[in-house]
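Data first, discussion second: the structure below is written as structure tokens.
All of the numbers you see were taken from the coordinates with simple rules; none came from a lab. Remember, predicted model here, so these are calculated numbers, not experimental data. Here the Cβ positions follow ideal geometry from the backbone for every residue, glycine too, while neighbour counts run over all protein chains shown.
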């Protein structure tokens, strides 16, 4: 446990939450700008292909360079403090408890969809045909870009417009209750 009583994964989760909710505007702006730069550069490199091995190698080189740079600066300041990142058994168990219900739900729904019943087949076949025809449009890079922009914009938009969203929700709730009664 760290000095705050939280594990390393909790600290990373809090840092990530602070980043996407724009609590520290300078850091969020930096990461959003870097992400936008990567997105725009990927828009102009349509013909470039890469393998996962080259991406892992380049990230390793980047990590080694940053580590060397930080160690040389820390050595200059005579600061010998080193951070240790350890994954504890509790972290793995907590992650397993988080993932297990979603995995079981996905397995049961997949079994239900592909059970072979005619009514289920008629519901699933159009989506599978669309996926077979237009699935090449959905790439991992596009999904990553979409997730990046959603993770930075939705929390900020919600925090800015939460009062209006709550008012509209209450109005919708009242209208729905009036229609039912």
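Extension gain residue 25-residue 171, at 0.36 nm per residue separation less the Cα-Cα distance, in nm?
Between residue 25 and residue 171, full extension yields an extra 49.3 nm.
Could you tell me how many degrees, from 0 to 90 and to the nearest 10, lie between the Cα long axis of helix 25-43 and the main elongation axis, the longest principal axis, of the Cα atoms of the chain?
70
With no solvent and one equal point scatterer per Cα, compute the Debye intensity ratio I(q)/I(0) for the chain at 0.09, 0.14 Å⁻¹ and report its log10, rounded to two decimals.
These q points yield log10 I(q)/I(0) values of -0.65, -1.39.
Taking a quarter of the surface of the convex hull around the Cα atoms of region 87-137, what do you get in nm²?
Convex hull of Cα atoms, orientation-averaged projection: 5.5 nm².
Does anyone have the angle between helix 8-20 and the longest principal axis of the chain? Alpha-carbon axes, 0 to 90°, nearest 10?
Value to nearest ten degrees: 70.
Restricting to DSSP H runs of at least four residues, report the calculated mean residue ellipticity at 222 nm for the chain, -39500 (n - 2.57) per run over all residues, nearest 500 deg cm²/dmol.
Rounded to the nearest 500, the figure is -27000 deg cm²/dmol.
Rounded to the nearest 10 degrees, what's the angle between the helix 118-134 long axis and the longest principal axis of the chain, both from Cα atoms, 0 to 90?
Approximately 50 degrees, to the nearest 10.
Evaluate E = 1/(1 + (r/R0)^6) for residue 120 and residue 181, where r is the Cβ-Cβ distance and R0 equals 30 Å; express this FRET efficiency to the nearest 0.05.
Efficiency, from the Cβ-Cβ distance: 0.30.
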